[in-house]
Amino acid sequence: MENITVELGDRSYPIYFGDDTLESLPDIIEHIGVKGVIAIISDTHVAPLYADTVENELAKTGLKTVRCIMPAGEQHKRLDRIEEFTGQFLEAGMDRSSLVVALGGGVVGDTAGFAAATFMRGIPFIQIPTTIVAQVDSSVGGKTAVNHPLGKNIMGAFHQPSAVLIDMTMLSSLPDRELRAGLAEVIKHGVIADEELFAHMESHVEAILNKDLSALVLPVRRSCEIKAAIVAEDELENGVRANLNYGHTFGHGIEAATNYKTFLHGEAIALGMCAAGALSLSLGLVDEAFVTRQRQCFDAYGLPVSWADMPVEDVMQAMKRDKKVRAGTMKFVVADRMGHVIHRTDISEDQARQALESLL
């Protein structure tokens, strides 16, 4: 088992990854100093696969556990879910000595983390991400949130986990569509910070899509390293952490405009990155070869690169409500070469609209 540390002073925490990370759960619980009830939050897809295993490991601590299961899907990441979980926590006797274990993908991790952040003004939680997108992105960094019908992740808090446990073998049960969608975030890490990672994704398509762990371990580890370094430098997203939002202003607008029902998160981000690439090209920051290379990589993984029926104006309105908007100004992350991005706040609505229309 390997580990990477997210360096945040006295709130630093490890990211463990390997084939046997769940076996370390009892030791981690002891190290955190948990004395109360442990809540396992999962969803209807993941709980039948892994909740028993996690619960059996937690039983070794001698502490009581309670399961809190939410419906699977982004549309269920809502504020009323937090109220539901809070009631279950209280009924189970949880208090400030308790712990939340998030077992699932990004939706579960975001929701469970926000529940932990708000219960009695904050209790510890552990992330056990079961999808690629959660392993390489959402489980690291402490962003927790739920959605509002008018915008994605509008209600949330920064609440760092006490540990992240990545068990690579869990990817074997991941549906193919979920795998492909999660890989969009890995490709993003290559675009924003590491051209060699991007090249690895280009050259190992077949092995990665076949869930060959020997081909997947480098993208997962390198993505965690990139995310950990950025979070350590800029925990609250006042500067360089915004690099991670490449494609997300467009992507979140696409998700919100479709009520989170048309695309998985990674699929929307792939479209958003294609739009961001088109915007970068129109600004004269990259050439056509960059845009083509990015698009071809997404296409190789079966990710969407165009959307014939896009309601452009609905997406534009959703983008204006995005949490990254400041004083009415939309902030965009654009590429100036493969492996490097910059921030721009001087993008007009017409320029953003043209970038979206490039997807039609």
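For segment 146-295, what is the number of Lys pairs with C-alpha distance below 21 angstrom, counting only pairs 8 or more positions apart or on separate chains?
Values: LYS152/LYS188; LYS152/LYS227; LYS152/LYS261; LYS188/LYS211; LYS188/LYS227.
So the count of such lysine pairs works out to 5.
Net charge within 15 Å of GLY93 by Cβ-Cβ distance, Lys/Arg positive one each and Asp/Glu negative one each, not counting GLY93 itself?
+2
Can you give me the orientation-averaged projected area of the convex hull built on the Cα atoms of segment 2-173, in nm²? Mind dumping the intermediate values first?
Working: hull surface 35.4 nm².
Projected area, direction-averaged: 8.9 nm².
Size of the dipole of segment 185-328 about the Cα centre, Lys and Arg at +1 and Asp and Glu at -1 on the beta carbon, nothing else charged, in debye to 20?
Details: 14 positive and 21 negative charges, 82 e Å.
That gives segment 185-328 a dipole magnitude of about 400 debye.
Using +1 at the C-beta of Lys and Arg and -1 at the C-beta of Asp and Glu, which of LEU283, ILE40, ILE347 has the Cα lying farthest in the positive direction of the dipole of the chain?
With unit charges placed on the Cβ atoms, the residue in question is ILE347.
Can you check what the Kirkwood hydrodynamic radius comes to for the chain, Cα pairs only, in Å to one decimal? Working shown, then result.
Numbers: mean 1/r = 0.0489 Å⁻¹.
So the Kirkwood estimate lands at 20.4 Å.
Could you name the aspartates and glutamates in cross-link range of LYS35, using Cα to Cα under 18 Å and dropping any fewer than eight places away on the same chain?
Cross-link targets: ASP27, GLU55, GLU57, GLU91, ASP95.
Report the gain in length on full extension from ARG121 to ALA232: 0.36 nm times residue separation, minus Cα-Cα distance, nm rounded to one decimal. If you can, show how the numbers build up before the last one.
Values: separation 111, 0.36 × 111 = 39.96 nm, distance 2.34 nm.
37.6 nm is the gain from fully extending ARG121 to ALA232.
Sticking with the crude label model, points 7 Å out along Cα→Cβ, report the distance from LEU79 to ARG177 in nm, one decimal please.
3.0 nm
Which helices, counted as full DSSP H runs in the chain, have an axial Cα extent of no less than 15 Å and a Kyte-Doolittle average of 0.5 or above? Spell out each step's value before the answer.
Working: long enough: 47-59 (18 Å, -0.03); 79-91 (19 Å, -0.42); 106-118 (18 Å, 0.95); 176-193 (26 Å, 0.17); 213-233 (30 Å, 0.93); 265-282 (25 Å, 1.10); 288-300 (18 Å, -0.60).
TM-like helix candidates: 106-118, 213-233, 265-282.
For ALA207 and GLU2, calculate 0.36 nm times their separation in residues minus their Cα-Cα distance, and state this gained length in nm to one decimal.
Numbers: separation 205, 0.36 × 205 = 73.80 nm, distance 2.21 nm.
Using 0.36 nm per residue and subtracting the Cα-Cα distance, I get 71.6 nm.
Name the residue farthest towards the positive end of the dipole of segment 208-360 from the options MET316, THR262, LEU209, assuming +1 on Cβ of Lys and Arg, -1 on Cβ of Asp and Glu, about the Cα centre.
LEU209
Using +1 on the beta carbon of Lys and Arg, -1 on that of Asp and Glu, and nothing else charged, what's the dipole of segment 2-173 about the Cα centre, debye to 20? It would help to have the intermediate numbers written out before the result.
Numbers: 12 positive and 21 negative charges, 128 e Å.
For segment 2-173, the charge dipole is close to 620 debye.
How big is Rg to Rh over segment 176-357, alpha-carbon atoms, Rh as the Kirkwood inverse-mean-distance radius?
Working: Rg = 15.5 Å, Rh = 16.4 Å.
For segment 176-357, the value is 0.94.
Applying 1/(1 + (r/R0)^6) with R0 = 22 Å to the Cβ-Cβ distance of SER348 and ARG321, what FRET efficiency is obtained, to the nearest 0.05? Mind dumping the intermediate values first?
Values: r = 18 Å, r/R0 = 0.81.
Efficiency, rounded to the nearest 0.05: 0.80.
Rule-based calculations on the coordinates, nothing more; no lab input. Computed from a predicted structure; not experimentally measured. Every residue, glycine as well, gets a Cβ built from its backbone with ideal geometry; the counts of neighbours run over all protein chains shown.
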